[in-house]
Each structure stands twice: as structure tokens, then as C-alpha cells.
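First comes the structure, then the notes that go with it.
All of the numbers you see were taken from the coordinates with simple rules; none came from a lab. On a predicted model such as this, the values are computed, not experimentally measured, just so you know. Cβ sites come from the backbone with ideal geometry, for glycine too, and all protein chains shown count toward neighbours.
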Amino acid sequence: MFDETTNMSVIQPRIDRIRAWLEANNLGALFVYSPAAEHKWGQTAHVAYLTGWANHDRIVDSAVVVPVEGDPVLMFAGLPYMLEQIDQVSPIKDVRLVKAVDPNAVAVDAKTLGGGRAPGTFAEEAVAIMRENEIFNERVGVVGVDNMPVPFYEHLQAELGENLVRGDDIVAELRTVKTPEELELIRHAARLGDIGFQTMVDVARPGMRGIEIVAEMEHAVRKAGADHAKYWMGSGPDTKWEDTRLDIRPHLRVLQEGDFMNTCSYIVYKGLIYNPTQIRR
């Protein structure tokens with residue numbers, strides 16, 4: 001469950017499963033990476049799964065380090081105000097603001113801290129976590145590599161060297177089995193998606209531009225409580241359906257009587273995504 005009601009009783013069984021996997025694979029810790037929430041098509045939501053921090057304030061690189069012994073640690077390269085946001089949604093107590101790998105990222109550094117000591121890097125903090133927990137096996141597994149920027153991976157490799165171990169994505173494996181709470185969130189996201197499609201049926205009229213219809217759809221879904229709502233639309237005469245294409249940019253075509261409409265939705269509700277496609281005339 002990825003919302004303000006998330007507590008450690010939900011997350012702890014996931015952490016315990018990861019620890020058992022670490023022991024079985026002779027690893028000292030697991031480094032779990034997620035890109036910013038806005039990177040929709042590459043978004044794994046692994047960090048949200050292990051921390052509850054799933055809102056769109058997660059606009060930065062973030063990671064969770066799960067040591068084989070000791071508490072999990074959430075790290076993010078961002079701004080101090082995000083600490084308050086995280087505290088509102090996550091039961092993880094050890095949260096660390098770290099140095100961004102990307103020099104152009106919206107994140108703190110020594111300069112923004114008034115010349116004070118700059119925060120450590122992701123890799124430095126991962127090593128520190130293992131030392132703090134007196135873990136002497138320095139091998140660190142890493143997941144989320146498929147959506148990790150090359151400079152970020154190079155940063156980890158430069159610090160950890162041969163101790164950085166790529167392997168199976170244990171977090172993805174755990175997430176293949178949904179809890180009853182997760183299933184209910186997915187169902188609710190689907191219900192929100194249907195609100196948008198019903199709005200399309202209710203408001204679409206000849207003479208309207210597609211962008212006007214999409215605006216009404218997204219407004220209705222956000223008003224109903226979605227974290228994020230995005231609809232794409234394609235339209236065209238039914239006799240030339242093979243020439244119709246989805247319009248990712250604002251859909252400026254004026255609809256005519258008898259047109260086909262092809263819409264695709266991307267709905268996020270409390271960190272879970274619903275992404276159906278529906279065709280209506």
C-alpha cells in the first residue's frame with residue numbers, strides 16, 4: 001500500500017524476504033534504485049514499494065539500501081523540504097539526503113548549504129551503512145539497473161568496484177504477487193480511468209477539438225482523487241481508420257460526426273498505475 005497509511009507492518013515482510021535472499025546469495029546489502037516519478041515509462045516504483053514514498057514529490061533519483069542486518073535506509077538526491085514530505089508518507093526512519101550524480105540535478109551541494117560540508121554520495125552512504133551495521137561482507141547487490149542512467153551506474157562501480165553485483169531483481173519478483181491492499185488500489189485506479197472514459201462519452205460533440213475533450217477527461221479524474229491523469233487521443237473518419245494515429249501532442253483536430261476516437265489513459269493512484277486503451281465511436 002503506497003499512501004499515508006503505509007506502516008512498517010506492510011513494509012517489514014518485504015524487507016525480511018530481501019534479507020533472506022541476501023543471505024542465500026552471500027551479499028552484504030541490496031542497493032535498490034528508482035528514477036524520478038516523472039520518468040513514467042521507466043518507472044519501477046521499487047523505492048515506493050519499500051518505503052511508501054510514492055507521491056510526485058519524488059522528482060529526484062532515490063534508492064533504498066537494505067543491509068543484511070540493520071534497518072533499511074532511504075537515500076535521495078534532492079532538497080531539504082522533501083524530508084518533511086517523506087516523513088508524512090513513509091515509516092522509514094533513516095532517511096539521508098545525498099549528493100546527486102547529475103551535476104545539473106535539483107539537489108543540495110556544499111554551495112547551497114552555505115559552504116558547509118557537502119552530503120555524501122549514494123555509493124559512499126551505502127558503504128557507510130554496512131560499516132554502521134558491522135557488515136563485513138562488502139558485496140552489494142544492485143537492482144533497478146535497467147532504468148538507471150549510465151553515469152549513476154558508473155558512480156556505483158567506481159566506489160564499489162568488483163563488490164558491486166548485478167543479478168536477479170528480487171524486488172520485481174516480490175512484486176509479482178500483489179497483496180489484497182495493492183489489488184484494491186489497482187481496482188480503484190481502474191475505476192478512476194473509467195470516469196475519464198465516461199466523461200469522454202458525455203462531453204464529446206462534433207465541432208470540438210480533441211484537446212478540449214482530453215482536458216475535460218483529465219479534470220474529472222484528478223477531481224476524483226488521482227495522483228496523476230494523462231489521456232492521449234487519436235481520431236479520424238471511420239472509413240479511413242488505418243490513417244488514424246494517436247496524437248501525443250495536443251490534439252487539435254476538430255471532430256466530425258461519425259468519427260472514431262481512440263484514447264489511451266495513464267492513471268496513477270497512490271503509486272499504482274492503470275493503463276488501458278479504449279476505442280469508442
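For the pair Asp238 and Glu69, the difference between a 0.36 nm per residue extended length and the Cα-Cα distance amounts to 54.7 nm.
Checking the Cα-Cα distances for Lys178/Lys223; Lys93/Lys230; Lys99/Lys178; Lys178/Lys270 against a 25 Å cut-off, the pairs over it are Lys178/Lys223; Lys93/Lys230; Lys99/Lys178.
The Arg17 and Phe136 beta-carbon pair, evaluated with R₀ = 22 Å, returns a calculated FRET efficiency of approximately 0.45. Available extension along the chain between Met208 and Arg222 is 2.9 nm, counting 0.36 nm per residue and deducting the alpha carbon span. The length gained on full extension between Glu173 and Val201, counted as 0.36 nm times the residue separation minus their Cα-Cα distance, comes to 6.2 nm.
With both labels modelled 7 Å from their Cα along Cα-to-Cβ, the Ser9 to Glu124 distance reads 4.0 nm.
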